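Contents: one structure, followed by commentary.
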Amino acid sequence: MIPRAGSVGKSFKGAYLYYMNDKADKTNNLNQQGERVDWTGTLNLHTDNPKHALVTMIDTANHADQLKAESGQKKGGEKAKNTVYTYSLSWAEQQNPTRKEMMATAQSSLKALGFENRQALVIAHNDEAYKHIHIMVNRVNPETGMIEHKKTTSKDYIKLSEWAEKYERDTGQIVCLERERNNAKRKKGDWVKYDDDGTHREAKHEANKAFSDQSWKEYKREKSAAFKKLVEHKRRAIKTRLDACKKKQNFKGKWSEYYSAERTYQKKQGLANKNNVRILKNVLANKYGAYRANI
């Protein structure tokens, strides 16, 4: 079992169109379903129709204030914007779970994240050699209208990692031994570092370089929304790594000094901040090894 923690967003429709259509399909037709979609299911919803589920989740999020009033919650505060959360679950190639088993696993993972009563749409894809599902969650509580901001998604990859370890133990099919060692280190308060001989890191660097250069050209020409999303995703990833690395001895001083020197150099070169995301990402990977290849 490999869970991949996603991110929060504000567009239910955008996430729905991405998961319900093929990757190359840019249609905005909500009634269309891509060939890679094997089946769909819902959790904590009164419908099994994916489109109706989407409409219900949007309606719940839009009426959060009304739900708060009806449940006696305190009024005021900033209205929640990022109400969508997505993540995925993947099984090993030799595993062949049934649809019922996959839905039960999705429900179990929601509980591990603290989303046991949240509305969720489950989409199974068949475009890989292994079985996997994507889960789109409405972070707004359908009973109280409340959203717990960062609390429910804080350290979600660790919650999913610990859940996945328990899942493999319960099913008697332990596939990822490295996860057990990493979780044991975390429980002791030790820093978990991805060990690599340099091959993976070098390949990742070259791939990111080629992709970033091409994407930057596309952005300058078309102001690609996809590139903006990529930049934001990497910015959040960098912040997560920085927060984790701050636990290391004398990290703050080392990083502040290096970051200041790096930014000074970049400014002299006249590089735009959005084009520096790749550089900062590789600084973290190469200098501190502070990124995770798998959870």
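The values are calculated or read from the model by the stated rules, or taken from the named source; none is laboratory data. Note that this is a predicted model, so its numbers are computed, not measured. Here Cβ is always computed from backbone atoms with ideal geometry, including for glycine, and neighbour counts include all displayed protein chains.
Residue-level check: of (1) outside any helix (DSSP H, G or I); (2) more than 19 Å from PRO3 (Cβ to Cβ), THR56 misses just (1). Looking at LYS111, LYS68, LYS100, LYS81, just one residue is in a loop (DSSP other than H, G, I, E, B) and out of contact with any helix residue (DSSP H, G or I) (no Cβ under 8 Å at 6 or more places or on another chain), and that residue is LYS81. Confirm whether LYS10 is more than 15 Å from ASN141 (Cα to Cα), assigned by TED's automatic domain parsing to the domain that holds GLY172, surrounded by fewer than 19 Cβ atoms within 10 Å (Cβ to Cβ) and within 17 Å of the chain's Cα centre (by Cα). Spelling it out, LYS10 is indeed more than 15 Å from ASN141 (Cα to Cα), assigned by TED's automatic domain parsing to the domain that holds GLY172, surrounded by fewer than 19 Cβ atoms within 10 Å (Cβ to Cβ) and within 17 Å of the chain's Cα centre (by Cα).
Going by the conditions given, is THR105 assigned by TED's automatic domain parsing to the domain that holds ILE174, farther than 16 Å from VAL140 by Cα, β-branched (Val, Ile, Thr) and not in a loop (DSSP other than H, G, I, E, B)? Yes: the conditions hold for THR105. Looking across the stretch 60-113 at every residue that is more than 20 Å from ILE135 (Cα to Cα) and polar (S, T, N, Q), the one that is surrounded by the fewest Cβ atoms within 10 Å (Cβ to Cβ) is identified as GLN94.
Close Cβ contacts (under 6 Å, 6 or more residues apart or on different chains) running from residues in the stretch 27-55 that are closer than 10 Å to ILE123 by Cβ to residues that are buried (at least 18 other Cβ atoms within 10 Å of the Cβ) and β-branched (Val, Ile, Thr) comprise THR40/ILE123; GLY41/VAL122; PRO50/THR40. Of the residues GLY145, GLY114, GLY76, the single one that is modelled with pLDDT under 90 and under 20 Å from the mean Cα position of the chain (by Cα) is GLY114. Within the stretch 4-26, the set of residues being aliphatic (A, V, I, L, M) and without any contact (Cβ under 8 Å) to a residue 60 or more places away in the chain comprises LEU17, ALA24. MET1 meets each of the listed conditions (1) surrounded by fewer than 18 Cβ atoms within 10 Å (Cβ to Cβ); (2) in contact with a Leu (Cβ under 9 Å, 6 or more places away or on another chain); (3) not hydroxyl-bearing (Ser, Thr, Tyr) apart from (1).
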